[in-house]
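Below: the structure, in structure tokens.
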Amino acid sequence: MKKLIKPTLKTYFFTGILVSVPVAMTFYVIFILFDYIDSRVTELLPAQYNPETYLHYSLPGLGILILAGFFLLVGFLTANFVGRALVRVGQSLMEHVPVVSGLYNALRKIFETFLGDGTAKAFRQPVLIQYPRKGLWTIAFLTGPADAVVQAAAKRDLIGIFVPTTPNPTSGFLLYMPARDIVRLDMSVEDALKIILSMGIIASGGAKPPARRK
């Protein structure tokens, strides 16, 4: 009887951990980000315009609503001809300020890559490359053709590859490789990220691996 109870209780215990902890940690991270953004945005409001001044208690989500309204207002204003002209003038000024121009252009391109419709397509192709040495394979993502200066210096056609780190894919390495050294994977970027985030524990659920030769 004891032999039957112990394995069952152990299985239930660890299954409960595997199910509960990821969910709890996800909501915890969301709560921390929500609370941080909410409190910082609310602090920017003048006291006379802050409802919490008159209510004498905090309003959860007020900062998030204000930030969402700000983004909608900016998007609405820049959707017309006058707004687009003002944006172009502002971008021109930012691009001519030393130091600031480099940081601004880098951040703008990053956000365009992840939030835009056209440029994001270049990043949404998982590939397989041999890295950090021949014989070792890792999952990476295409970022697009290498800059003309880079290709001219290398005297060959190169493709930009982003190699994410595990289990944190927000950091990684930019590599330039010939197209012949890249194996394109028949999977979505979401499936590739699942493998990276889980350190290979979770499979993509795609095609079965080829049978081993005897």
Net charge contributed by nearby residues that have their C-beta within less than 15 Å of residue 148 (K/R +1, D/E -1): 0
- line: Evaluated at 20 °C and 1.002 mPa s, the Stokes-Einstein D of the range 2-55 based on the Kirkwood radius over Cα pairs, in µm²/s, stands at 145 µm²/s
- prompt: Could you list, bin by bin from short to long, the percent of Cα-Cα pairs of the range 22-87 in 5 Å steps?
  reply: 3, 16, 17, 16, 14, 14, 11, 6, 2, 0
query: Which number do you get for Rg(Cα) / (2.2 N^0.38 Å) in the range 120-197?
result: 1.07
Sequence-distant residues sharing a close amide H with residue 125 (under 5 Å, placed H): 142
- prompt: For the pair residue 66 and residue 105, how long in nm is the line joining their label points, each one 7 Å along Cα→Cβ?
  reply: 3.5 nm
statement: A correct Karplus calculation of ³J(HN,Hα) over the range 100-107, with 6.51 cos²θ - 1.76 cosθ + 1.60, θ = phi - 60°, whole Hz and x for Gly and Pro, returns 4, 4, x, 5, 5, 5, 5, 5
- prompt: For the pair residue 54 and residue 8, how long in nm is the line joining their label points, each one 7 Å along Cα→Cβ?
  reply: 6.2 nm
- request: Tell me the label-point distance for the pair residue 86, residue 166, using the 7 Å Cα-to-Cβ offset, in nm and rounded to one decimal.
  value: 4.9 nm
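Coordinate-derived values only; no laboratory data. All of these numbers come straight from a predicted model, not from anything done at the bench. Cβ coordinates were reconstructed from backbone atoms using ideal geometry, including for glycine residues, and neighbour counts include every protein chain displayed.
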